[in-house]
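Contents: one structure, followed by commentary.
The values are calculated or read from the model by the stated rules, or taken from the named source; none is laboratory data. Computed from a predicted model, the values in this text were never measured in an experiment. Note: ideal-geometry Cβ built from the backbone for every residue, glycine included; neighbour counts use all protein chains shown.
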Amino acid sequence: MAICKYCGEQIEFITTPTRRMIPVEKNPVYFHKVESHSEAYERFYLDNGELVYGRALKPLDFQKTRGWIPHRFRCENWKYCNTKGKGKTKK
């Protein structure tokens, strides 16, 4: 288990099919997968690293797919990170 250097939360990493390591939330969530994406849907990573779109479900909903939410969408300081050497500075 890793720690986010921007917010201090525990995170996990998912390896995508292109061998890229993506930081994701520590605990998986369940969601309903959709075929097309739009702004209304959230992004999730599956166990195999595939990026899919869907809507998060409540614990008692039935059509469940397990996946992880990318950490950058939950990290309060992610927008200030310096991932490519051109990061923003926090004012």
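Assorted remarks:
For (1) in contact with a strand residue (DSSP E or B) (Cβ under 6 Å, 6 or more places away or on another chain); (2) at pLDDT 90 or above; (3) not in a loop (DSSP other than H, G, I, E, B), each residue gets a yes or a no:
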{"site": "Ile11", "(1), (2), (3)": "yes, yes, yes"}
{"site": "Arg19", "(1), (2), (3)": "no, yes, no"}
{"site": "Val24", "(1), (2), (3)": "yes, yes, yes"}
{"site": "Lys33", "(1), (2), (3)": "yes, no, yes"}
{"site": "His37", "(1), (2), (3)": "yes, no, no"}
{"site": "Cys75", "(1), (2), (3)": "no, no, no"}
{"site": "Lys86", "(1), (2), (3)": "no, no, no"}
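- Considering residues of segment 48-73 that are modelled with pLDDT of 80 or more and surrounded by fewer than 12 Cβ atoms within 10 Å (Cβ to Cβ) only, the residue farthest from Glu25 (Cα to Cα): Asn48
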